[in-house]
Structure formats: C-alpha cells, structure tokens
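Written out below as structure tokens is the structure these notes cover.
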Amino acid sequence: MKYYSTNKKSPKVSLEQAVIQGLASDKGLFMPEEIPSLPAHFFASIDQLSFQEIAFEVSLAFFGDEIPENKLKEIVYDTLNFDVPLVRITSQIGALELFHGPTLAFKDVGARFMARLLGYFTQRQSVVDEDQNIHVLVATSGDTGSAVANGFLGVRGVKVHVLYPKGKVSEIQEKQFTTLGENITALEVDGTFDDCQALVKSAFMDEELNEGLFLTSANSINVARFLPQSFYYFYAYAQLKKEGKSDSMVVCVPSGNFGNLTAGLFAKKMGLPIKGFIAANNRNDVFYQYLKTGEYIPRPSVTTVANAMDVGDPSNFDRILDLYGDNYEEISSEIKGAFYLDDEIKNTILKVWNEYNYLLDPHGACGYQALVDLLKEDEQGVFLETAHPAKFLETVEPIIEEKIEVPDKLQSFMKGEKQSLSMDKEYKSFRTYLLALE
Ligand SMILES: *Cc1c(COP(=O)(O)O)cnc(C)c1O
C-alpha cells in the first residue's frame, strides 16, 4: 500500500519510506492510499480473540503487503506483551486501561510497534545502507520521550535523541529516558518544551543536514506510531461484545495531538461498528471550538494538570480533515467534543474516587466526565485511560488526600543514574551535535 501526503504536493511513497521520513517532503502528513475493510466474520467472532490476535488481523490489513506475515506477527506479539483491561466504573461506562506497558503510558504501543518496524526496515536495508543509522528525534515534555526511548532501547541501526526542557519535567519522567544508555541519548535543553520542539523542526527542515543523515520523527505524525493505536478500539469493542453491550458503543478519547482519536476514526472506516466518538480536551479547546463553529483557530497552549494534552495546534488535525474530505458536517456529527478546566478535572477525580473507588489520572478524568455529560441513555461508553495515575502524583495525591502506590515498573527507573548532555537552545549547537553523528 502506498502513502500520500495530506498536502498532495509530493509523490506517494512506500510504507518504509513513510516511516523513515516521518513527514512528507511537502510537510504534509502521510495517509494510507486505501483503508482496508475487515470481513464480517472477523467482527462476528472478535470477542473470542486475544488482544494480540485482534492486533495481528488489523496489522495484516494495513501492513501485510509490505511485511512478511511471520515477521509482522513477531512485531505485533513483541509489541503487545501486556494487556489493556476494560474496567467497569458504572454499568454504562468502562475505562480501557491503556497504561500497562513498560512506561505506564498508552504511547508505549505505538512507540514499540514503530521501533520494531523501523528495526526491521534497517535490517532489510533497501532505503538505508548497512552501516547507516536512522536517527529518531523527539522533543518531549515528559511522556512521549519515555515511551519512545524505552520502545527503541536496543533496536539496532536506530539511535534516539530525546530533547527535553531542563528542570521542567518531573524527576520520575526524566529518569525514564536519561538512565537507559545504549542507543538512547538525552539532551537537556536550557529552554522550554517549545524550544525543544523548534530545534527538532529546524533539523527536519535543514536540507543540507538531511542529505547526509536519516532523521525521522517518533511523534504521532509518524504513521507507524499512530496507526497501531487503532488496535485499542477493536479490542474495546470485543470486550463490550462479551458483555452483550456492543450495539451502540461510543468511545471517548482524551486528546492532545489527536493521534489516538484519528486511529479510532480509521478503525471505524475499517468497518468497526462504533456509534460515535467524543474528543475530551482540557482548557486547550481548539478542537472543541472547531466542532462548535467550523473554524479552526490554533493558538499557543496553556499549562494544565492534564499536561500531555496541552496542545494548541493538534498535529493530526489535517488527517481528520483529509479522512472526511474536509466535510465539517460529517466530522461534527461523527465526533462530539467537551473540555474541562483544572478545577473540574480535580472534582471528577475526587468524585470517582469517593463513589467508585477508582482512581483516574487527570487525562482519563476528562474522558470519563465527557461520557457522563454527553452519553445518551441507550449508549455504552468506553473512555481511554491513557496514563497511570501514579505518573501524576503531585496532582492526584492532594486531591484524594491519600498516598498512592507507585508501581514497581516506575520505581525501578528511579534507581538508575541520570545521564544527559546539556545544550543551549540555539539551533547552531544542536546542528553541530547532529553533524557529529553518523
Ligand atoms: C499523549 C497523551 C494524550 C494525548 O494523545 P494524542 O494522541 O496526542 O491526542 C493523552 N493522555 C496522555 C496521558 C498522553 O500521554
């Protein structure tokens, strides 16, 4: 299957090129040329399949013509060595807990899948030569860096460079990507997250630099990062089907760059019977405003307690437009929106803790509340619980006024020793660093 650019000004490319390039040469986002439909019998018996089996079927439909079946199976089973349970909160609302991967973030699945795919491509050596590395650049405010660094750890032929703002990520997050070593380098930038992102962007735009180096992105602009997230939606449906509740499933997605939600839209286009979507936002409500008015007006992000959704210009918005041929009516009937202020998010966390003894993280809290507010009587709601609450101790503990248990997976990172390179925020310095790579 070929991939085209949402800007439609660059030639179609193979999956391999789309993954290695990240962004199309006209700066658009890659989209698969067709969206394969899955057969009726797959949906009829989906409730008898495991998460891995479902994911493998979905992957085959997308990637089966470019990756040998046994290799793809290995990639999928290797990626998904953990489960994503659907935990019931009320009879109408369930949480699909996507945070059981190695860094307790839903981004683990996309990052691990992309790492394995890229690892396969570098070994196959058709675009990249034997002794050439692919360099993955990630700017992070915390969660992306840890998922990507851990996903790519030890993958041959791929080096990861994580740029993060000095003093602006929590200690536990910092430890998750500065203690790994091997093919992972952490760059501690004397600046903000926006400065880190600007450095990465400048590097991608630097034509001379790109002549000698393979640079790619592991953000959700990369098709290999966001498409595997469609697995979640099929699995959620399978769980509801087991309960006899799959007839009118509404999925609510806490959204920032909208990679996760876009993957859900793809799942529906592949034939998955999802009745509708809800995009839950924090104070950064650019998408909500678009749904209300039909006008998309990006603006600088503001900081909230659900900081992984502090995005003022969601990078996957163009994919959503492209999927629906720019049809606002269709988009706004398919996706409903909601947004919550910090106080509302905190109230929801407290209320759900008191009433149901379930601890939400700030992102999941937006998802849960949007279902409470928008779900109709005959609908079944699933929200994606995108991170473990222990990753947001400073927010969550004061709300419930209790200490929460930090999972072993997180604690073990704390034992490692931080190693990072300090860098100023001038592109000149970053460029010098990149030029010294091979
Ligand atoms: C990244 C992230 C999100 C937002 O996901 P998008 O795909 O960017 O919309 C939500 N919650 C958490 C915890 C995240 O890390």
Label Asp373 and Tyr433 with points 7 Å out from Cα along Cα→Cβ: what is the distance between them in nm?
3.9 nm
Tail beyond 33 Å, pair distance distribution of the chain (Cα, percent):
30 percent
Could you rank Glu405, Glu97 by how accessible they are, 1.4 Å probe, largest area first?
Glu405, Glu97
Given the DSSP H assignment, sum -39500 (n - 2.57) over each helix run of at least 4 residues in the chain and divide by its residue total; what's the result at 222 nm in deg cm²/dmol, nearest 500?
-12500 deg cm²/dmol
Rounded to whole angstroms and listed largest first, the alpha-carbon spread of segment 61-106 along its three principal axes comes to 42, 24, 13
Summing Lys, Arg as +1 and Asp, Glu as -1, what charge do residues with Cβ under 12 Å from the Cβ of Leu60 carry, Leu60 excluded?
-3
Just flag the GluC sites (Glu not before Pro) in segment 119-205 sitting in loop per DSSP whose Cβ has no more than 15 other Cβ atoms within 10 Å.
Glu130, Glu182
Less than 14 Å Cβ to Cβ from Val372, Lys/Arg counted +1 and Asp/Glu -1: what total charge do the surrounding residues give?
-2
Pull out a ≥ b ≥ c, the square roots of the eigenvalues of the alpha-carbon gyration tensor of segment 287-332, then state rounded if a/c is under 1.5, prolate if not and a/b is larger than b/c, and oblate in the remaining case.
prolate
How much accessible surface area, in Å² rounded to 10, belongs to the heavy atoms of Tyr296 with a 1.4 Å probe?
60 Å²
If you find the alpha carbon centre of segment 172-211 and of segment 393-413, how far apart are they in angstrom?
28 Å
How high is the FRET efficiency from Ser25 to Asn70, r the C-beta distance, R0 45 Å, rounded to 0.05?
0.85
Students often get this wrong: which residues of segment 156-174 have the backbone nitrogen under 20 Å from the point 7 angstrom along Cα-to-C-beta of Gln132?
156-161
Between the modelled labels at Glu394 and Ser170 (7 Å from Cα along Cα→Cβ) the distance in nm is 0.8 nm
I need the semi-axes of the equivalent ellipsoid of segment 1-138: take the C-alpha gyration tensor, multiply each eigenvalue by 5, square-root it, list largest first in whole angstrom.
29, 18, 17
Mind checking the dipole of segment 33-178: about its Cα centre, +1 per Lys or Arg Cβ, -1 per Asp or Glu Cβ, Debye to the nearest 20?
600 debye
Report the accessible area of Met205, computed with a 1.4 Å probe over the heavy atoms of all protein chains in place, in Å² rounded to the nearest 10.
110 Å²
Under the classification rounded if a/c is under 1.5, otherwise prolate if a/b is larger than b/c and oblate if not, where does segment 281-438 fall, given a ≥ b ≥ c as square roots of the Cα gyration tensor eigenvalues?
oblate
Tyr328-Met205 pseudo-label distance in nm [points 7 Å out on the Cα-to-Cβ vector]:
2.9 nm
Between Ser14 and Lys403, how high is the FRET efficiency from 1/(1 + (r/R0)^6) when r is the Cβ-Cβ distance and R₀ = 56 Å? Nearest 0.05.
0.65
If only Cα atoms are counted, what is the Rg of segment 168-326, and what is its Dmax, in Å?
18.3, 58
Sorted by accessible area (1.4 Å probe), largest first, how do Lys168, Lys9 line up?
Lys9, Lys168
Sparse-neighbourhood loop sites, trypsin sites (Lys or Arg not before Pro) in segment 367-438 - DSSP loop, at most 15 other Cβ within 10 angstrom:
Lys376, Lys403, Lys415, Lys418
If you take every residue apart from Asn282 with its C-beta less than 13 Å away from the C-beta of Asn282, what net charge results, scoring Lys and Arg +1 and Asp and Glu -1?
-4
Short to long, in 10 Å steps from zero, the percent of alpha-carbon pairs of segment 354-421 per bin is 17, 39, 27, 13, 4, 1
Rounded, prolate or oblate: which fits segment 205-251, taking a ≥ b ≥ c as square roots of the Cα gyration tensor eigenvalues, rounded meaning a/c under 1.5, else prolate when a/b beats b/c?
prolate
Roughly what % antiparallel, to the nearest 5, for the DSSP beta bridges in the chain?
15 percent
Rel. contact order, % - alpha carbon contacts under 8 angstrom, at least six apart, the chain:
18 percent
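The values are calculated or read from the model by the stated rules, or taken from the named source; none is laboratory data. Only a predicted model underlies this, so the values are computations on that prediction, with no experimental measurement involved. Cβ coordinates were reconstructed from backbone atoms using ideal geometry, including for glycine residues, and neighbour counts include every protein chain displayed. The area values use the complete protein model at the heavy-atom level, side chains included, leaving out ligands, DNA and RNA. Shrake-Rupley method; radii C 1.70, N 1.55, O 1.52, S 1.80 Å.
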